Amino acid sequence: MLILRTLVFGPAHGHQIATTIEHTSEDVLRVDHGSLYPALHRLIKDGLISAQWGTSSNNRRAKFYELTPNGRKQLTQESTRWARMVDAIARIMQPVGDEE
């Protein structure tokens, strides 16, 4: 879900995706590149993102990943499911005596 959300802003290469997730989470979430690339390959296989070669800002060859229409749809579904889960956990974690 985090990879898909990052790609909403446009195509990005793997290092850029990892950095965006880390910076946006204020370094709470760390992205292991050994996990990122297999996840990107699965997302390509599932048709949620596409990839093509390009040149990075430091003039190196890099694979750029982009959200597909199916990826946008999946992100919407996952975001809705995530919001419901967060709400449910928040209700459970509400301190005793704070119930309305």
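Which number in (1) surrounded by 11 or more Cβ atoms within 10 Å (Cβ to Cβ); (2) among the basic types (Lys, Arg); (3) part of a helix (DSSP H, G or I) marks the one condition that Lys63 misses?
Single failed check for Lys63: (3).
Being in contact (Cβ under 8 Å) with a residue 24 or more places away in the chain, within 21 Å of Asn70 (Cβ to Cβ) and exposed (fewer than 12 other Cβ atoms within 10 Å of the Cβ): is that true of Gly14 here?
no
Identify, from the list Ser25, Ser57, the residue that is of a type in the set (Ser, Thr, Tyr) and surrounded by 11 or more Cβ atoms within 10 Å (Cβ to Cβ).
Of the residues listed, the single one that is of a type in the set (Ser, Thr, Tyr) and surrounded by 11 or more Cβ atoms within 10 Å (Cβ to Cβ) is Ser25.
Failed condition for Asp87, given (1) surrounded by 12 or more Cβ atoms within 10 Å (Cβ to Cβ); (2) out of contact with any strand residue (DSSP E or B) (no Cβ under 6 Å at 6 or more places or on another chain); (3) of a type in the set (D, E, K, R), with all others met?
(1)
Filter the range 1-36 for residues that are polar (S, T, N, Q) and touching a strand residue (DSSP E or B) at 6+ places or on another chain (Cβ under 8 Å); which is nearest to Gln74 (Cα to Cα)?
Ranking the candidates gives Thr6 first.
Please go through the range 33-50 and give me each residue that is part of a loop (DSSP other than H, G, I, E, B) and either of a type in the set (Val, Ile, Thr) or within 13 Å of the chain's Cα centre (by Cα) (or both), ordered by number.
Across the range 33-50, the qualifying residue is only Leu48.
Suppose we filter the range 1-11 for residues that are surrounded by fewer than 19 Cβ atoms within 10 Å (Cβ to Cβ), within 8 Å of the chain's Cα centre (by Cα) and not basic (Lys, Arg); how many remain?
2
Taking the condition of a type outside the set (Ser, Thr, Tyr) and in contact with a strand residue (DSSP E or B) (Cβ under 9 Å, 6 or more places away or on another chain), does Leu48 pass?
In short, yes.
Tell me which residues, restricted to the range 36-79, are among the small types (Gly, Ala, Ser), within 16 Å of Met1 (Cβ to Cβ) and touching a residue at least 40 places away in the same chain (Cβ under 8 Å).
Result: Gly71, Ser79.
Since every read-out is calculated from the coordinates, none of them should be taken as a lab result. Model, not experiment: these values are computed from the prediction. Don't worry about glycine lacking a Cβ; one is built from the backbone with ideal geometry, like all the others, and counts go over all protein chains shown.
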